[in-house]
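The values are calculated or read from the model by the stated rules, or taken from the named source; none is laboratory data. It should be emphasised that the depicted structure is a prediction, and the values quoted were computed from it without experimental measurement. Backbone-built Cβ (ideal geometry, glycine too); neighbour counts: all protein chains shown. Side chains included, ligands, DNA and RNA excluded: accessible areas come from the protein's heavy atoms. Shrake-Rupley method; radii C 1.70, N 1.55, O 1.52, S 1.80 Å.
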Amino acid sequence: MTETADHPDAYPPSAEFAAAANVDAGIYERAAQDREAFWAEQADHLHWHERWNQVLDWTDAPVAKWFVGGRLNIAYNCVDRHVLEGRGDKVALHWEGEPGDSRTITYSDLLAEVSRAANYLTELGLTAGDRVAIYMPMIPETIVAMLACARLGLPHSLVFAGFSPTALRQRIDDAEARLVITVDGQWRRGNPAPLKEAVDEALLAKGDVPSSVEHVLVVRRVGTEVEWTEGRDLWWHETVAQADPVHEAQAFDAEHPLFILYTSGTTGKPKGILHTSGGYLTQTSYTHRVVFDHKPETDVYWCTADVGWVTGHSYIVYGPLANGATQVLYEGTPNFPDEHRHWQIIEKYGVTIYYTAPTLVRTFMKWGRQIPDAHDLSTIRVLGSVGEPINPEAWRWYRDVIGSGTAPIVDTWWQTETGAIMISPLPGITATKPGAAMTPVPGVTAAVVDEEGKTVRRGETEANGYLVLDQPWPSMLRGIWGDMERYRATYWDRFREQGWYFAGDGAKLDVNGDLWVLGRVDDVMNISGHRISTAEVESALVGHSGVAEAAVVGASDETTGQGIVAFVILTADATDTGSAMVDELKAEVARAISPIARPREIHVVPELPKTRSGKIMRRLLRDVAEGRELGDTSTLVDPQVFEAIRAGRSD
Ligand code: PRX
């Protein structure tokens, strides 16, 4: 620590912050001395119907069992116990709707809502182990639905409400969901956008094959007309809202599946990341407590992520609610009706902890500091960043402008697969550096290694290495739904001998041994903090009859971190080869996957650079997309191809 504090660009915590912090520097030492005892201590913050008899069973590696023999109910931990312990009147959610409507939901309210939903889902015949797809925007019912599933042991699969019907269907099929919970529509910059319609389209029979879905439960949010399939479709207000508000939670095994969440891998097929109960809730609640220095009595916490992504699962729903947090939930975009929206919300509720993504910080920078400066943001005491590396310039701006020059920033590295924060400063302990995730949180270990698995040497000029996690952690994924082979191959084969988890990220250690995450080293792009695979976009492009071949790369982008750049070869019968075709292809990708996957640029080219074995050389295409000198082209079949591609680009 002292070493880092001497760094010329380090920001140590103030003495005042350190004195009041939830944990002191000794926590690292304590965790290192006896990891399992340390995690048991964290698990003891939860309510266990039955205590475990073994902290970790790793004999079936790489599938871990944590808190073996323990039994708990996740929803009971997130809701009931706060009410039973006398905190029923505490606000759980300050919900802010996009059009300006708002709702205040206490823990008692939440308990009644979750119990109603649990009673109704039981009435529908759902039993522990059945899967439920949730395709909803940022409204309280989404959280109620998730918690009701958790309460009944029904693994949920959230599908981000920006995903297309095709993407939704793919996820429903893979998990064989029996129920979909959705809304009539969602607010998008003042206009209602249909969502139920997308569910209807997703559930259309494919040939003779109907979907696995028996019912669609619909929350009325925008009040527009929707098509109705009698017998299948059900209104939430006619069913759940009428159900009994009392429900007794049953305990489930610590390893009972809690949710499946799909994320992009290096192939076109999304991976259903499986998380279970006890270890997941232990690590999400622990990290929420120590990384954000969360104090339930006084803090007003706001995580701006969407509940459809892992950040929303772990740091809107499970971690904060297990800790009895009072939090803000906002339905809309940051610039509706204007760019003041977030700062008004912070002022209105007195937000003290604000957790967002670097891409949004850079957007705020672009809009100008006069916007946040027009508001009183003095309540903010901790700032968080997640989803991609944060560039030092954005980091400093975030601290100066949003954090009044004093709020510590926690740059939190983790993944859908890790379930919870793994590498991050602790705000009362660490002297932070702009752009560095710094050190694994107490209880977690990581290493930066070379191709052979040897630890890379410290120092700015050392070669970059791969980030690996060398010991199991409580909230780790337990597999890929329905494809355990892919689980092993994707994460554990790369460093099989050592038994390490390969994160897919590049990283380096600086002279002080502090860790900097550098971004993905595989074919996964990071667009505004969203993970999208090059293969998925390529397959959407070749799905268009005018495209013969496509290659996609992520090129640096000032605001979004990376932007999608596609190179396509058109088929001989493509009638249009100009800008109309490019527009059509962009729209096709947005339709097939989601508007977030819409390419920034599409270049029509006569050839793609390939190795003799036929592999597309993305590295070189990235050079072209970023306007750099080309790297080594000696393995190319036809080095001339770049002249043609460059000519294509300048069209
Ligand atoms: O590349 C890393 C980047 O986001 C990836 C994980 O994406 P996802 O599973 O969608 O989860 C995002 C939210 C946890 C990682 O492999 N990433 C995430 N956080 C950081 C980061 N890169 C650098 N710094 C971070 N703090």
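Determine the per residue accessible area of the chain with all protein chains present and a 1.4 angstrom probe, expressed in square angstrom.
38 Å²
Do the alpha carbons of any pairs in K269/K586; K90/K348; K348/K433 sit beyond 25 Å of each other, and which pairs?
K348/K433
Taking every Cα atom in the chain, find the radius of gyration and the maximum pairwise distance Dmax, and write them in Å.
24.4, 74
With a 1.4 Å probe and every protein chain kept in, tell me what percent of the accessible surface of the chain is carbon plus sulfur.
49 percent
How about segment 266-345: which GluC sites (Glu not before Pro) there are in a DSSP loop, with at most 15 other Cβ atoms within 10 Å of their Cβ?
E297
DSSP loop (so not H, G, I, E, B), at most 13 other Cβ within 10 Å: list which GluC sites (Glu not before Pro) in segment 440-529 pass both filters.
Loop-located and lightly packed - E451, E452, E460, E497.
What's the FRET efficiency of R457 with R591 using the Cβ-Cβ distance as r and R₀ = 60 Å, to the nearest 0.05?
The pair R457/R591 has a calculated efficiency of 0.80.
Would you rank T142, T490 by solvent-accessible area, highest first, keeping every protein chain in place and using a 1.4 Å probe?
T490, T142
Per-residue accessible area for D376 at 1.4 Å probe radius, Å² rounded to 10?
That residue has around 90 Å² of solvent-accessible surface.
So, R0 is 25 Å and r is the distance between the beta-carbons of R600 and D173; what FRET efficiency does that work out to, to 0.05?
With a Förster radius of 25 Å, E is 0.25.
Once Lys and Arg get +1 and Asp and Glu get -1 on their Cβ, which of W48, T276, Y262 lies farthest toward the positive end of the dipole of segment 34-333?
Positive-end residue among those listed: Y262.
Only helical DSSP H runs with n ≥ 4 go in: add -39500 (n - 2.57) per run for the chain, normalise by residue count and round the 222 nm mean residue ellipticity to 500 deg cm²/dmol.
-7000 deg cm²/dmol
If H288, H247 are ordered by their accessible area, calculated over protein heavy atoms with a 1.4 Å probe, which sequence runs from highest to lowest?
H247, H288
In segment 545-634, which GluC sites (Glu not before Pro) fall in coil by DSSP and have 11 or fewer other Cβ atoms within 10 Å?
E558, E629
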